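Undergrad: Below is one structure. I have some questions about it.
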Amino acid sequence: MANERPTGLKANKGIELLTFGTPNGWKASIYLEELKEAYGTEYTWQSINIFENIQKEPWFTALGPNGRIPVIVDHDQGGFPIQEGLAILNYLTRKYDTEHKFSFTDPFDVSRMEQWMAWQHGGLGPMQGQANHFNRAAKERIPWGMQRYVGETERLVGILDNHLKDKEYLVGNKYSIADISSFGWIHILLFAHVDLDAFPNVKAWWERILARPAVQRGVLVPAKSEISNDIYLQRLADDKEFAEKEKILREQIAAAKEKYGYKFASP
């Protein structure tokens, strides 16, 4: 299923998810797995290989004009498409979390949930994405960009760590879509060369969420990721060439921080 190249929608009922194994993609797949377990909500999925630019093809952009994953299509609502992970979480909550198992009824908790989701959507995700870009994808190593975005990711994770010092979950000590929104980015934090052990409250929260069966299933849609924290550590242990490249990158980031006098501060 993950190896088929989609050319259009394949389902005619229920939710259809168009996704890839990224933190944004996991928002939708994890939540759909949670809804399936809690309510029996069925969904189908197709793998949209972003490295093949399937998300830029006309059939896809007709559904998600931004040309990004994930996109869901609600076939039971006239084939209504929803793009952007934040909007998908909110849509699925309004439509399918009828007992508020992953959301709230108290208006203040609803606002708190929305605030943390906005924080992730505007901060943690974009900043960590830029860290990975300057560390790995940029055609040249730019020290300012490397220390700027790794440092900003560390600052944001520090905010999360402080918030979680006396809490199990982000809002109301209840697992919700606020947690799902940020989880995927922490699930690949080591790939951004941010030390998860330096943020013990975040690490405990990440482990707590990862222990959920629906989350474990969700991060396997459409396939196991090679950059999740557990797999990343395994690759470091098993692949000497990969470990050496990561050591060099780690040294480059440290040198960039030193060059510009980086000092961790949060907030």
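Residue-by-condition table, conditions (1) part of a loop (DSSP other than H, G, I, E, B); (2) more than 20 Å from the chain's Cα centre (by Cα):
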residue	(1), (2)
7	yes, yes
21	yes, no
38	no, yes
41	yes, yes
44	no, no
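Undergrad: Looking only at segment 158-197, which residues are under 26 Å from residue 100 (Cβ atoms), among the hydrophobic types (A, V, I, L, M, F, W, C) and assigned to a loop (DSSP other than H, G, I, E, B)?
TA: Matches in segment 158-197: 170 only.
Undergrad: Can we say residue 7 is surrounded by fewer than 17 Cβ atoms within 10 Å (Cβ to Cβ), outside the structural domain of residue 125 (by TED's automatic domain parsing), touching a helix residue (DSSP H, G or I) at 6+ places or on another chain (Cβ under 7 Å) and free of Cβ contacts under 8 Å to residues at least 60 places away in the same chain? Talk me through it step by step, then tell me what you get.
TA: Numbers: surrounded by fewer than 17 Cβ atoms within 10 Å (Cβ to Cβ): yes; outside the structural domain of residue 125 (by TED's automatic domain parsing): yes; touching a helix residue (DSSP H, G or I) at 6+ places or on another chain (Cβ under 7 Å): yes; free of Cβ contacts under 8 Å to residues at least 60 places away in the same chain: yes.
Answer is yes for this residue.
Undergrad: In addition: Could you please tell me which pairs satisfy a Cβ distance under 6 Å, a separation of 6+ or placement on different chains, a first residue in segment 244-267 that is under 16 Å from residue 192 (Cβ atoms) and in contact (Cβ under 8 Å) with a residue 60 or more places away in the chain, and a second residue that is of a type in the set (Gly, Ala, Ser) and surrounded by 14 or more Cβ atoms within 10 Å (Cβ to Cβ)?
TA: Pairs that qualify, where the first residue is under 16 Å from residue 192 (Cβ atoms) and in contact (Cβ under 8 Å) with a residue 60 or more places away in the chain and the partner is of a type in the set (Gly, Ala, Ser) and surrounded by 14 or more Cβ atoms within 10 Å (Cβ to Cβ), are 262/151; 266/158.
Undergrad: Same structure again: Quick one: residue 169 ticks every box in (1) under 14 Å from the mean Cα position of the chain (by Cα); (2) farther than 16 Å from residue 256 by Cβ bar one, so which box is it?
TA: Evaluating residue 169 over (1) under 14 Å from the mean Cα position of the chain (by Cα); (2) farther than 16 Å from residue 256 by Cβ leaves (1) as the failure.
Undergrad: Let me ask something else about it. Since residue 29 meets every condition but one in (1) surrounded by fewer than 20 Cβ atoms within 10 Å (Cβ to Cβ); (2) closer than 21 Å to residue 175 by Cβ; (3) of a type in the set (S, T, N, Q), which condition does it not meet?
TA: So residue 29 meets the others, but not (1).
Undergrad: Report whether or not residue 194 is within 18 Å of residue 29 (Cα to Cα), modelled with pLDDT of 95 or more and surrounded by 13 or more Cβ atoms within 10 Å (Cβ to Cβ).
TA: no
Undergrad: Restricting attention to segment 137-144, does a residue exist that is small (Gly, Ala, Ser) and over 19 Å from residue 257 (Cβ atoms)?
TA: yes
Undergrad: When segment 56-105 is examined, which residues are found to be in a loop (DSSP other than H, G, I, E, B), in the same structural domain as residue 24 (by TED's automatic domain parsing) and among the basic types (Lys, Arg)?
TA: Correct list: 68 only.
Undergrad: Using the structure shown, decide if residue 264 is surrounded by fewer than 22 Cβ atoms within 10 Å (Cβ to Cβ) and either assigned by TED's automatic domain parsing to the domain that holds residue 133 or over 19 Å from residue 33 (Cα atoms) (or both).
TA: yes
Undergrad: Could you list, in sequence order, all residues of segment 223-267 that are touching a helix residue (DSSP H, G or I) at 6+ places or on another chain (Cβ under 9 Å), within 25 Å of residue 205 (Cα to Cα) and polar (S, T, N, Q)?
TA: Answer for segment 223-267, where residues must be touching a helix residue (DSSP H, G or I) at 6+ places or on another chain (Cβ under 9 Å), within 25 Å of residue 205 (Cα to Cα) and polar (S, T, N, Q): 225, 228, 229, 266.
Undergrad: Any residue at all in segment 126-138 that's within 17 Å of residue 171 (Cα to Cα) and part of a loop (DSSP other than H, G, I, E, B)? It would help to see each step written out before you state the result.
TA: Applying the first criterion (within 17 Å of residue 171 (Cα to Cα)) to segment 126-138 yields none.
The answer is no, given that none of the residues of segment 126-138 is within 17 Å of residue 171 (Cα to Cα) and part of a loop (DSSP other than H, G, I, E, B).
Undergrad: I'm trying to understand the selection: among the residues of segment 161-186, which are of a type outside the set (A, V, I, L, M, F, W, C) and buried (at least 24 other Cβ atoms within 10 Å of the Cβ)?
TA: 176, 179, 181, 182, 184, listed by residue number.
Undergrad: To continue, here is another question. Only residues that are surrounded by fewer than 13 Cβ atoms within 10 Å (Cβ to Cβ), over 18 Å from residue 41 (Cα atoms) and not hydrophobic (A, V, I, L, M, F, W, C): list them for segment 86-109, please.
TA: If the condition is that a residue be surrounded by fewer than 13 Cβ atoms within 10 Å (Cβ to Cβ), over 18 Å from residue 41 (Cα atoms) and not hydrophobic (A, V, I, L, M, F, W, C), then 105, 106, 107 are the ones that fit.
Undergrad: Now for a separate question. For segment 198-257, name all the residues that are surrounded by 15 or more Cβ atoms within 10 Å (Cβ to Cβ), of a type outside the set (A, V, I, L, M, F, W, C) and part of a loop (DSSP other than H, G, I, E, B).
TA: Selection gives 212, 222, 225, 228.
Undergrad: Within segment 11-26, identify whether any single residue is more than 30 Å from residue 211 (Cα to Cα) and surrounded by 16 or more Cβ atoms within 10 Å (Cβ to Cβ), and answer yes or no.
TA: The answer is yes, given that some residue of segment 11-26 is more than 30 Å from residue 211 (Cα to Cα) and surrounded by 16 or more Cβ atoms within 10 Å (Cβ to Cβ).
The values are calculated or read from the model by the stated rules, or taken from the named source; none is laboratory data. Given the structure is predicted, the values throughout are model-derived calculations rather than measurements. Counting neighbours? That spans all protein chains shown, and the Cβs are built from the backbone with ideal geometry, glycine included.
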